[in-house]
Amino acid sequence: MADSKAQRRPTSPPKARQSSRLSWLLGSLVAVLLLSRVPLRTRDEYTLCSKSNSIYTVDETHPRVQCISVRNGHFSAVGDEADIRRNSLRVLTGRMFNFAGRDVRYYIKPDHIIVPGLADAHAHLLQQGHKMQLQLDGTQSVQEVIERIKSYIIAHPDVHADSSRWIEGMGWDQTKFPGAEFPTAADLSSDPLLRGRPIMLLRVDVHAAWVSERVLEIMAPLPPDSEVEGGSIIRDASGEPTGILVDNAMTLIPNPPWAPEQYTDFFDAAVAEALKFGLTNVHDASTDPDAVAFFKGVAEAGKLPIRLYLMAVPFSENFTDWHPSRIERLENYGVHGRLNLRSVKLFTDGALGSWGAALIAPYTDKPDTRGIMRNSAETMGQLIRSAWEAEMQVNVHCIGDRANKVVLDVFEGILAKEVLGGKDVAALRPRIEHAQIFQPADLERIGRLGVIPSVQPTHGTSDMWYAETRLGPERIKGAYAYRTLLEASPNKVLPLGSDFPVESVNPMLGFYAAVSRLGVDGRSPHGDGGWFPAERLTRTQALKGMTLDAAYASFAEKELGSLTVGKRADFVVLDRNIMEVKTADILKTKVIATVIDGKVAYGTLGSK
């Protein structure tokens, strides 16, 4: 018997066998605990499918798919529904333990589509909220503007009772008024309710201000024109100011700064509007230090529901005491990591509508002027060099062909002199904001240098009725040339924006303008085929401009811009297929859901 027991002894040492059993028991216990304590699917993990295969990824490897899966705020799978179901980690785990894997799956309607989160590559978030208090868009006469101001005063008893309180609005456009002439301060005094009140009304492009006689009294005495560098005070035949101040002259207006509660109100109103229209990311194209501080506070408090890419503006108008190295760099800042600042915004000229865009030759309809250079070529060179030395992206406002030429000369000069140690200009992703009017040679040069043109398609359709009057039949051929700019780009990058509040927040208006070059009424100076139709973008190009190209222009193409595994789960559900419907029907598009980091920020997902 002793020999028989000896033969049944284990060949491995007892301690090793006990350790093996203990490890197995512990592993099983941990697995059971995990499965019992953690739901197989959480609110942060789900799959969204389209039975009509209407998910547009903006990813060349699989441009159109059936499903996307989200996990922990990122895309965990993209592809066919069967493949995603087979490869689902939760389903596989459920099968191993004989559980029915609770696969949370939503389906959008057959006529709905999903696209990546839409970005506005050039906008002004707080100014949008500010504008919403007194909007003057669409006014067709001075009298209509006056009526809107009166309605605003009557609707706000506190304003009505205090005639010293400043009234501010935005959106008028004298090209829509009879005679197309600038209005005057005297016009605002023609109504008893407005007379004696300080009123400041920004032109639609924010490059001119119309002020009341009371504001002119507060500002008196105004400096001579020679002392207003980069701006203009419009005067009458006798030399008296009319009430219109253009570009840098607007800094003379002593309107009061915003109160803290106004920042919050303007922000909340603008963000709600942006999310409603499917925007998940906004490039804020002129952020002053006070606004930066406000956005930081919002991000730190976890109250930033949208992504922001800030373009910081100088701390003061005196550039001699400004250097980009003083700007705090922010990368995925805040509780949700949605705030970024690594760029500066500079201004070269004004706007076409107020004759402020800097042109090489005089304006066709105003031959006594070539527009306004808000900063000299020398100053622009110094500012751009200092920004690049601080490794900050440069975003330069350029509209006229002279402004664009000056800035391209600076970019090319810096590259030729290798002041950056031979670093390629394109590596710093410099941007020209607006990029509206070019000489033919500069249309080629912007691409050769790797400079990113950041354009706003609705500017083209808003300006098309007077642009040729300003520029003439030859110069207009190099204006709003979006297809040419895209084809010149070595990386085929053309970020699209709106410049809201100059234009509408709704990105579908920009998409429509880009692919049709028509007004919302279906008209253009060249007929229903579009204004200079050769410059139309395809729908694929336009969608990429609003998603992946905008991400590239903000150094975020590895995180944002397409429905790609590993990227942040930002996407939008639309109520119609903008890639296939009739062009006019694009304008009817509604947002079903706006999703950021996998969380619904507006609307609802499809049915389970």
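The values are calculated or read from the model by the stated rules, or taken from the named source; none is laboratory data. Please read all numbers here as calculations on a predicted model, not as lab measurements. Methodologically, a virtual Cβ is constructed for each residue, glycine included, from the backbone with ideal geometry; neighbour enumeration extends over all protein chains shown.
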key: Options THR175, THR139; residue that is part of a loop (DSSP other than H, G, I, E, B), within 16 Å of ALA209 (Cα to Cα) and either modelled with pLDDT under 95 or among the hydroxyl-bearing types (Ser, Thr, Tyr) (or both)   = THR139
task = Inspect all residues belonging to region 174-185 and state whether any of them is under 35 Å from the mean Cα position of the chain (by Cα), surrounded by 22 or more Cβ atoms within 10 Å (Cβ to Cβ) and of a type in the set (Val, Ile, Thr).
result = no
Enumeration of residues in region 103-119 that are of a type in the set (Gly, Ala, Ser) and not in a strand (DSSP E or B) = GLY117
Every pair of residues 6+ apart whose Cβ atoms lie under 7 Å, when the first sits in region 124-144 and is in contact (Cβ under 8 Å) with a residue 40 or more places away in the chain and under 26 Å from PHE295 (Cβ atoms) while the second is in a loop (DSSP other than H, G, I, E, B) and among the charged types (D, E, K, R) = none
message = Can you confirm whether ASP284 is in contact (Cβ under 8 Å) with a residue 24 or more places away in the chain, touching a helix residue (DSSP H, G or I) at 6+ places or on another chain (Cβ under 6 Å), among the acidic types (Asp, Glu) and within 30 Å of ILE592 (Cα to Cα)?
response = yes
task = Consider ALA550 carefully, then state whether it is closer than 23 Å to ASP268 by Cα and in contact with a Pro (Cβ under 8 Å, 6 or more places away or on another chain).
result = no
ask   = List the pairs whose first member sits in region 224-250 and is among the hydroxyl-bearing types (Ser, Thr, Tyr), whose second member is surrounded by 11 or more Cβ atoms within 10 Å (Cβ to Cβ) and part of a strand (DSSP E or B), and whose Cβ atoms are under 8 Å apart, counting only residues at least 6 apart or on separate chains?
value = SER232/LEU245; SER232/VAL246; SER232/ASP247; THR242/ILE234; THR242/ARG235
Residue count for region 146-175, restricted to those that are in contact with a helix residue (DSSP H, G or I) (Cβ under 8 Å, 6 or more places away or on another chain) and within 19 Å of TYR466 (Cβ to Cβ) = 3
inquiry  = Quick check on this structure: which one of ALA556, ALA534, ALA569 is surrounded by 21 or more Cβ atoms within 10 Å (Cβ to Cβ) and small (Gly, Ala, Ser)?
reply    = ALA569
inquiry  = For region 254-270, which positions are more than 15 Å from GLN133 (Cα to Cα) and surrounded by 14 or more Cβ atoms within 10 Å (Cβ to Cβ)?
reply    = ASN255
message = Restricting to region 486-498, name every residue that is assigned to a loop (DSSP other than H, G, I, E, B), within 21 Å of the chain's Cα centre (by Cα) and touching a residue at least 60 places away in the same chain (Cβ under 8 Å).
response = ASN491, VAL493, PRO495, GLY497, SER498
message = Name the residue that is nearest to the chain's Cα centre (by Cα), counting only residues in region 499-528 that are of a type in the set (Ser, Thr, Tyr) and either part of a loop (DSSP other than H, G, I, E, B) or under 24 Å from ASN395 (Cα atoms) (or both).
response = SER504
remark   = With the first residue restricted to region 264-280 and required to be at negative phi and in a helix (DSSP H, G or I), and the second required to be buried (at least 21 other Cβ atoms within 10 Å of the Cβ) and of a type in the set (D, E, K, R), Cβ contacts under 8 Å at 6 or more apart or on different chains are ALA274/ASP120
ask   = Here are ILE199, ILE114, ILE167: which of them is in contact (Cβ under 8 Å) with a residue 24 or more places away in the chain, more than 27 Å from GLY497 (Cβ to Cβ), among the β-branched types (Val, Ile, Thr) and out of contact with any Asp or Glu (no Cβ under 9 Å at 6 or more places or on another chain)?
value = ILE167
ask   = Is it fair to say ARG483 is in contact (Cβ under 8 Å) with a residue 24 or more places away in the chain, in contact with a Lys or Arg (Cβ under 8 Å, 6 or more places away or on another chain) and surrounded by 24 or more Cβ atoms within 10 Å (Cβ to Cβ)?
value = no
key: Identity of the residue in region 578-599, under 20 Å from the mean Cα position of the chain (by Cα) and closer than 13 Å to LYS276 by Cβ, that ends up surrounded by the most Cβ atoms within 10 Å (Cβ to Cβ)   = THR594
The listed residue being surrounded by 18 or more Cβ atoms within 10 Å (Cβ to Cβ) and part of a loop (DSSP other than H, G, I, E, B), out of VAL206, VAL145 = VAL206
